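J.: Sharing a structure here in structure tokens format.
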Amino acid sequence: MAESNKRMRVRVAMAVLAAAVAGGVAAAPGQAGAKTYTIAVAMKTQVQRRWAFDAAAMKREAEKLGVKLIFQWANDNPATQASQVENLLSQNPDALILVPVDSTAAGSIVEAAHQQKVPVVGYDIGVSTAKLDFFVMRNNPMVGELQANGALKFAPHGTFALIKGDPGNDVAQAIAKQYERLLVGNKDIKVVFNQFIRGWDPKAALSNAENVLSAQNDKVDAFVVSNDGMATGVSQAIKSRNLVGKVYLSGLDADPANLQLVAQGVQSMSVWTDLDEQGTTAVDAAAALAAGTKPAIESSMVDLGSGPVQTHFVKVIAVNKDNLCNFITHDAPSGWVTVKDVFPDNADACK
């Protein structure tokens, strides 16, 4: 974690303790009479492995701040999430961290929390129908920019296919806006495919890639793909047509299987989000709000649909062959990926 982020968390912890003093309780968690803040956490799914790392980062920060977390996992079902949050609110938490299953439907969840005077920190996915108290999100515009600029560096003049995420997802929309800005209308680029894929479906991405390659007689210079799952599908089309190394392919999440594709030259790059920063920042913000203070966290005002919300953008980095080993051995959180995962036949690849 960068030193600036460490200082940021210290400032937030101090703000929480200062608020505790102002409220007439002991200053340090664990001391007699100190209030232990309870933060409810409504997560959208456990399917993708990344969410376990988000949760782990939250738990580590909660332990440092002396706050209690209560988790519920909705497994991508908005009705389940609504029911779970109702249960969480019945336990009288001091704040709620919400990863919405449905950005629109989650408005009623935020309103229900606010009726109980429980502040809500949005996490990763925005809420368009109610105003959050704070939002922690990946720098999705930068994701799209990194993916598009990587393609332009690979093929400054070329034929591109743009395979975007689910149209109802604000992450997919934010990434896609950068494709529009940098690629669509670029006089040096011919865009022959430009579509959203419902559910970020890898099979649909594969089918579309095969159709594009057939229509263009394999003369495609870049597949600008919004995440690693769909990139895995596109990679199958690239490999089956012996186009490895001849076509640019982007992704997002730095999944171990995709990092292996990067090592093999099938996938050109992926984008990594600092999950430690994201998880710790959310808990810092929730703890500050629970204590009645404004989070002392670097942020910008972003309108998600219901007015400007204080928003912290989590840093992202491009991962490619040039920094692959550094990512594996230094940047990735413990347990995310190993050298063997990426280079199964060369244990010394990163020495």
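J.: Taking the Cβ of each residue in Thr311, Thr280, Thr36 as the centre, tally the other Cβ atoms inside 10 Å and list the residues starting with the fewest. Numbers along the way, then the final one.
T.: Values: Thr311 19, Thr280 25, Thr36 11.
Taking fewest neighbouring Cβ atoms as first place, the list is Thr36, Thr311, Thr280.
J.: For the pairs Lys68/Lys131; Lys59/Lys164; Lys44/Lys203; Lys64/Lys117; Lys59/Lys203; Lys68/Lys315, flag any whose C-alpha to C-alpha distance is greater than 28 Å.
T.: Values: Lys68/Lys131 25 Å; Lys59/Lys164 33 Å; Lys44/Lys203 23 Å; Lys64/Lys117 25 Å; Lys59/Lys203 35 Å; Lys68/Lys315 26 Å.
Distance filter (> 28 Å) returns Lys59/Lys164; Lys59/Lys203.
J.: In whole angstrom, how far apart do the alpha carbon centroids of region 263-282 and region 291-311 sit?
T.: When both Cα centres are located, 24 Å separates them.
J.: Rounded to the nearest 20 debye, what is the charge dipole size of region 39-98 about its Cα centre when +1 sits on each Lys and Arg Cβ and -1 on each Asp and Glu Cβ? Don't skip to the answer; put the middle values down first.
T.: Numbers: 7 positive and 6 negative charges, 50 e Å.
Using Cβ point charges on Lys, Arg, Asp and Glu, region 39-98 gives about 240 debye.
J.: At a 10 Å Cβ-Cβ cut-off, how would you order Asp188, Asp255, Asp276, fewest neighbours first?
T.: Asp188, Asp276, Asp255
J.: Give me the aspartates and glutamates in straight-line cross-link reach of Lys177: C-alpha distance below 18 Å, same-chain residues under 8 apart excluded.
T.: Asp124, Glu145, Asp166, Asp303
J.: So in the chain, what percent of DSSP beta bridges are antiparallel if you round to the nearest 5? Intermediate values should be presented prior to the final figure.
T.: Values: 8 of 41 bridges.
In the chain, approximately 20 percent of DSSP beta bridges are antiparallel ones.
J.: Given springs between every Cα pair under 10 Å in a Gaussian network model of the chain, which of Ile163, Ile317, Ile97 has the largest fluctuation?
T.: Maximum fluctuation in the GNM of the chain, among the listed residues, is at Ile317.
J.: While we're here: Report the full-extension gain for the segment Asn217 to His157: residue separation times 0.36 nm, less the Cα-Cα distance, to one decimal in nm.
T.: On the way: separation 60, 0.36 × 60 = 21.60 nm, distance 1.75 nm.
Contour length minus the Cα-Cα distance gives 19.8 nm.
J.: Could I ask something else about it? Compute the normalised compactness of the chain: alpha-carbon radius of gyration over 2.2 N^0.38 Å, N being the residue count. Numbers along the way, then the final one.
T.: Values: Rg = 21.6 Å, N = 351, 2.2 N^0.38 = 20.4 Å.
Here the Cα radius of gyration is 1.06 times the empirical estimate.
J.: For region 52-181, give the magnitude of the charge dipole about the Cα centre (Cβ charges: +1 Lys/Arg, -1 Asp/Glu; no others), in debye to the nearest 20.
T.: Values: 11 positive and 14 negative charges, 74 e Å.
Taking the Cα centre of region 52-181 as origin, the dipole is about 360 debye.
J.: Moving to a separate point now. What does the C-alpha gyration tensor say about the overall shape of region 247-351? Classify as rounded when a/c is under 1.5, otherwise prolate if a/b is larger than b/c, or oblate. Could you put the intermediate results ahead of the total?
T.: Working: a/c = 3.91, a/b = 2.14, b/c = 1.83.
The shape class here is prolate.
J.: Which whole-Hz ³J(HN,Hα) couplings does region 288-298 yield from phi under the Karplus relation 6.51 cos²θ - 1.76 cosθ + 1.60, θ = phi - 60°, glycine and proline marked x?
T.: Karplus-based 3J(HN,Hα) across region 288-298 equals 5, 5, 4, 7, x, 10, 7, x, 8, 10, 4 Hz.
J.: Mean-square fluctuation check for the chain, GNM, Cα pairs under 10 Å: which of Leu304, Leu275, Leu252 is largest?
T.: The residue with the greatest mean-square fluctuation here is Leu304.
J.: Another question, if that's okay. Bin width 5 Å, alpha-carbon pairs only: give the P(r) of region 300-340 as whole percents, running from 0 to the bin holding the largest distance.
T.: Answer for region 300-340: a P(r) of 5, 19, 18, 13, 8, 9, 13, 11, 3, 0 percent.
J.: 222 nm [θ] for the chain, helices only, -39500 (n - 2.57) per DSSP H run of 4+, per residue, to 500? Could the numbers behind the result be given before it?
T.: Numbers: 11 runs with 142 residues, N = 351.
Using -39500 (n - 2.57) per qualifying helix, the result is -13000 deg cm²/dmol.
J.: Continuing with the same structure: Anyone know which of Phe313, Phe135, Phe71 comes out most mobile in the 10 Å Cα GNM of the chain?
T.: Phe71
J.: Is the shape of region 29-123 best called rounded, prolate or oblate, per the rule: a/c under 1.5 gives rounded, else a/b larger than b/c gives prolate, else oblate, with a ≥ b ≥ c the square roots of the Cα gyration tensor eigenvalues? Don't skip to the answer; put the middle values down first.
T.: Values: a/c = 2.47, a/b = 1.31, b/c = 1.89.
It is oblate, given that a/c is not under 1.5 and a/b is not larger than b/c.
J.: Given charges of +1 on the Cβ of Lys and Arg and -1 on the Cβ of Asp and Glu, with all other atoms neutral, how large is the dipole of the chain about its Cα centre, in debye to the nearest 20? Display every interim value, and only then the final one.
T.: On the way: 32 positive and 34 negative charges, 59 e Å.
About 280 debye.
Every read-out reported here was derived from the displayed coordinates using simple, explicitly stated rules and does not represent laboratory data. This is a predicted model, so every value here is computed, not measured. Quick reminder, even Gly has a Cβ in these numbers, built from the backbone with ideal geometry, and neighbours come from all protein chains shown.
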